[in-house]
Amino acid sequence: MNKLIVDALVEKKINRGIQLLQGQDFNDFSMSDQVLGLYNAKQKFLGTAYLSKQNKGIGWLVSRKSVQLDKPFFIDLFEKARVKRQTYENDDLTTAYRLFNQDGDGLGGLTIDRYGDYALFSWYNAYIYSLKDSIVAAFRLVYPELGGGYEKIRFKGLDYQSAHLYGQEAPETFTILENGVSYSVFLNDGLMTGIFLDQHEVRASLIDGLAMGKTVLNTFSYTAAFSLAAAMGGAFETTSVDLAKRSRELSQAHFLANGLSMDQHKLIVMDVFDYYKYAKRKGLTYDLIIIDPPSFARNKKQTFSVAKDYHKLVSQALEIINPGGHIIASTNASNLSVGQFKKQLEKGFAGYKHHYLNLKQLPADFAVNQADQSSNYLKVYTIKVE
């Protein structure tokens with residue numbers, strides 16, 4: 001194992017429990033895509049890490065001990081991760097959830113999700129991808145009951161995004177259960193699957209009474225999973241708005257999977273800011289508005305960044321919300337702290353009376369590294385507008 005001497009700042013981060021290694025902390029990238037022993041200037045061993053550039057950071061600390069990233073190591077990780085998720089495994093009403101979550105389970109650069117009888121591996125960098133034979137073999141020993149596996153490539157350099165990995169092949173689309181509700185999913189079509197599993201507690205709140213009898217506007221709706229949850233929770237009507245043309249077909253599949261008529265559920269392909277203007281012009285108002293934009297987006301008209309522009313979504317939502325209505329404000333931007341997100345919300349409310357009912361972050365299956373707030377990237381406030 002090669003040695004890498006790190007400075008005092010990196011040593012402090014490691015001692016705090018942070019596993020993500022950042023580019024600004026390293027000068028030499030010639031040792032990328034390999035396992036290294038990290039040492040301080042006094043030659044004290046700090047831990048085993050690997051360097052491999054990805055969308056977030058340039059590598060990960062794996063252990064404070066000297067370890068081999070081999071099949072026995074992965075078996076141990078997966079067995080420990082499985083124990084954490086026993087409540088999900090024993091829940092007959094939910095068949096899709098996260099099985100392994102990066103640094104929250106001890107290995108950054110890898111996530112594994114369960115979709116019914118199938119496992120979905122996401123590789124976030126070239127080095128972790130190079131270990132996939134050992135990782136998959138270890139996983140199959142710990143989860144022999146899962147019939148097949150798929151993969152998503154979430155780093156640059158390969159000529160495909162999605163593929164069948166092992167075992168039984170899944171149908172092109174199939175349904176999974178979450179909180180007793182059916183959702184239509186797909187595993188081998190680009191990077192998406194038809195549902196964001198990290199939002200299952202938010203969908204549960206919609207099913208469990210938050211949406212009852214309400215008119216709901218779901219912005220940046222993707223496949224309208226929030227709208228379906230609201231409908232199953234007794235919403236009077238839902239309107240789902242997304243700029244992607246394909247969102248309409250994917251959204252309908254969720255409703256059809258539950259035998260729901262679309263009569264009270266509108267699917268609109270439009271830019272959200274344009275829809276806000278349209279709704280205001282037409283006098284349309286809503287009891288509950290869900291705002292869950294991508295962290296960064298660009299269309300022909302404008303660029304949107306959660307860190308700078310989220311407040312605009314809130315202030316314009318307030319123009320079409322009914323008195324006493326609710327806003328669900330969500331972001332998955334890991335570079336935005338809870339405090340920074342709340343500042344954006346407050347800028348949007350700008351004097352409007354409002355009351356924060358709760359904050360949801362990642363659910364228990366999305367295990368997080370408690371020492372690193374960026375690991376707990378999801379932030380969802382439910383807010384009552386007075």
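Just one of the numbered conditions (1) closer than 23 Å to Leu197 by Cα; (2) of a type in the set (A, V, I, L, M); (3) within 22 Å of the chain's Cα centre (by Cα) is not true of Leu288: (3). Here Glu79 fulfils each of the conditions (1) surrounded by fewer than 17 Cβ atoms within 10 Å (Cβ to Cβ); (2) out of contact with any helix residue (DSSP H, G or I) (no Cβ under 7 Å at 6 or more places or on another chain); (3) under 23 Å from Asp198 (Cα atoms); (4) not aliphatic (A, V, I, L, M) apart from (2).
Could you look through segment 82-91, keep only residues that are farther than 30 Å from Ser295 by Cα, of a type outside the set (A, V, I, L, M) and not in a loop (DSSP other than H, G, I, E, B), and pick out the one that is most open to solvent (accessible area, probe 1.4 Å)? Ranking the qualifying residues of segment 82-91, first place goes to Thr87.
For segment 2-49, residues that are over 21 Å from Ser130 (Cβ atoms), open to solvent by less than 70 Å² (accessible area, probe 1.4 Å), outside any loop (DSSP other than H, G, I, E, B) and in contact with an Asp or Glu (Cβ under 8 Å, 6 or more places away or on another chain) total 4. Of all the numbered requirements in (1) touching a strand residue (DSSP E or B) at 6+ places or on another chain (Cβ under 7 Å); (2) of a type in the set (Lys, Arg); (3) at pLDDT 95 or above, Lys3 misses one, and that requirement is (3).
Residues that are within 21 Å of Asp274 (Cβ to Cβ) and aliphatic (A, V, I, L, M) do not occur anywhere in segment 199-215. Within segment 241-267, restricting attention to residues that are in a strand (DSSP E or B) and touching a Phe, Trp or Tyr at 6+ places or on another chain (Cβ under 8 Å), the residue that is least open to solvent (accessible area, probe 1.4 Å) is Val241.
Of the strands (runs of 3 or more DSSP E) lying entirely inside segment 109-205, those containing at least 1 residues that are open to solvent by 50 Å² or more (accessible area, probe 1.4 Å) and farther than 25 Å from Asn332 by Cβ are 162-167. Flag not set for Arg98, criterion: on the phi < 0 side of the Ramachandran plot, in contact (Cβ under 8 Å) with a residue 24 or more places away in the chain and open to solvent by 50 Å² or more (accessible area, probe 1.4 Å).
Got at least one residue in segment 268-275 being within 22 Å of Lys214 (Cα to Cα), of a type outside the set (A, V, I, L, M), at pLDDT 95 or above and touching a Ser or Thr at 6+ places or on another chain (Cβ under 7 Å)? No, every residue in segment 268-275 fails to be within 22 Å of Lys214 (Cα to Cα), of a type outside the set (A, V, I, L, M), at pLDDT 95 or above and touching a Ser or Thr at 6+ places or on another chain (Cβ under 7 Å).
Among residues of segment 50-69 being in contact with a Leu (Cβ under 9 Å, 6 or more places away or on another chain), not in a strand (DSSP E or B) and not aliphatic (A, V, I, L, M), the one that is least open to solvent (accessible area, probe 1.4 Å) is Gly57. Among the numbered conditions (1) more than 26 Å from Tyr278 (Cβ to Cβ); (2) free of Cβ contacts under 8 Å to residues at least 12 places away in the same chain; (3) under 22 Å from the mean Cα position of the chain (by Cα), the only one that Leu177 does not meet is (2).
With respect to (1) at positive phi; (2) surrounded by fewer than 16 Cβ atoms within 10 Å (Cβ to Cβ); (3) of a type in the set (A, V, I, L, M, F, W, C), the lone exception for Phe236 is condition (1).
The values are calculated or read from the model by the stated rules, or taken from the named source; none is laboratory data. Computed from a predicted model, the values in this text were never measured in an experiment. Glycine also receives a Cβ, built like all others from the backbone with ideal geometry; neighbour counts cover every protein chain displayed. Each accessible area value is taken on the protein alone, full model and side chains, heavy atoms only, with ligands, DNA and RNA left out. Shrake-Rupley method; radii C 1.70, N 1.55, O 1.52, S 1.80 Å.
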